[in-house]
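Single-structure report; data block below.
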Amino acid sequence: MQAAGQQRSVTGQWMLSAFGIALLMAGLVLARRGAGEEATLLGLRLTARWSYLWFWPAYTAGAWATLLGGRMRALAPRARDFGLAFAAAHLVHLALVVWLYQIAVHPPGAGTLRFFGVAVFFTYLLALLSFRRIAAPLPARAVSVIRTIGSEYIALAFFVDFARNPFGGSLLQALSYGPFLGLGLLAYAVRLAALARRYAHRPA
């Protein structure tokens, strides 16, 4: 019981910290630059990257454990904590998206909204399914499939966002896009390598 309580405490702390720092980022940008479209877009870029720093270990923890074993195996059970912290941090990003649609003269089109909206749907569906009482009535195979599809779609949405002309324009733009694009490529490589290892060790 104590271990379960400590786990809940850590999860809550991570969620609160992730949300609080995202809120602070957005608040500072809007306070210093005003609440206009330019400042909102900057806040969106910052909070997206902060969210991704939580999503990345949630997405790759199991793969790292498969490839490296040893101490990395202790990282895999933390994937849920990273995922819930990502969902908490992303709430601030979503609030900025709503605000952008309120103030922008030419907000992003319906296609963009649908594409990233699906990623948002999966983000909070996976967060709900991480709670045993919610996932328990569903077939374990169905939950596993939903988690895989959802995780891959969220990863794709981030990758598409970071791959938008990452090295065009200024050095600052390259520095703000390039490393995250690299992390996305690394995540795919690690996941594929782990999948290949699992397949190779599967009984004939």
Problem - Test for L44: is it closer than 21 Å to L96 by Cβ and within 21 Å of the chain's Cα centre (by Cα) - result: yes
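Yes/no matrix, rows are residues, columns are (1) buried (at least 16 other Cβ atoms within 10 Å of the Cβ); (2) assigned to a loop (DSSP other than H, G, I, E, B); (3) at pLDDT below 95:
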{"residue": "A85", "(1), (2), (3)": "yes, no, no"}
{"residue": "Y124", "(1), (2), (3)": "no, no, no"}
{"residue": "L128", "(1), (2), (3)": "no, no, no"}
{"residue": "Y177", "(1), (2), (3)": "yes, no, yes"}
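Got at least one residue in region 91-103 being in contact with a Gly (Cβ under 6 Å, 6 or more places away or on another chain), at pLDDT 95 or above, closer than 21 Å to V190 by Cβ and aliphatic (A, V, I, L, M)? It would help to see each step written out before you state the result.
Of region 91-103, the ones in contact with a Gly (Cβ under 6 Å, 6 or more places away or on another chain) are 96.
Restricting the remaining residues to those that are at pLDDT 95 or above gives 96.
Checking the rest, the ones that are also closer than 21 Å to V190 by Cβ come to none.
Among the residues of region 91-103, not one is in contact with a Gly (Cβ under 6 Å, 6 or more places away or on another chain), at pLDDT 95 or above, closer than 21 Å to V190 by Cβ and aliphatic (A, V, I, L, M), which makes the answer no.
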Handout entry: Hits in region 41-57 (condition: closer than 23 Å to G12 by Cα, free of Cβ contacts under 8 Å to residues at least 60 places away in the same chain and either among the small types (G, A, S) or assigned to a loop (DSSP other than H, G, I, E, B) (or both))
Key = S51
Fill in the blank from the handout: In region 100-116, residues that are more than 24 Å from L30 (Cβ to Cβ), exposed (fewer than 13 other Cβ atoms within 10 Å of the Cβ) and of a type in the set (A, V, I, L, M, F, W, C) total 1
Practice task
Enumerate the pairs (first residue in region 70-81 and among the basic types (K, R); second residue anywhere and surrounded by 12 or more Cβ atoms within 10 Å (Cβ to Cβ) and in a helix (DSSP H, G or I)) with beta-carbon separation below 6 Å, excluding pairs fewer than 6 apart on the same chain, so at least 6 apart or on different chains.
Solution key: R73/A65
Practice task
State the number of residues belonging to region 59-75 that are surrounded by 15 or more Cβ atoms within 10 Å (Cβ to Cβ) and either in contact with a strand residue (DSSP E or B) (Cβ under 8 Å, 6 or more places away or on another chain) or not in a helix (DSSP H, G or I) (or both).
Solution key: 1
Problem - Residue check, A119 of a type outside the set (K, R) and either buried (at least 18 other Cβ atoms within 10 Å of the Cβ) or not in a helix (DSSP H, G or I) (or both) - result: yes
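What's the total number of residues in region 130-143 that are surrounded by 11 or more Cβ atoms within 10 Å (Cβ to Cβ) and without any contact (Cβ under 8 Å) to a residue 24 or more places away in the chain?
Total meeting the criteria: 6.
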Practice task
Might you check whether a residue that is loosely packed, with under 14 Cβ neighbours inside 10 Å, at pLDDT below 95 and on the phi > 0 side of the Ramachandran plot occurs anywhere in region 152-170?
Solution key: yes
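The values are calculated or read from the model by the stated rules, or taken from the named source; none is laboratory data. All of these numbers come straight from a predicted model, not from anything done at the bench. Positions of Cβ are generated from backbone atoms using ideal geometry, with glycine treated the same way; all protein chains shown enter the neighbour counts.
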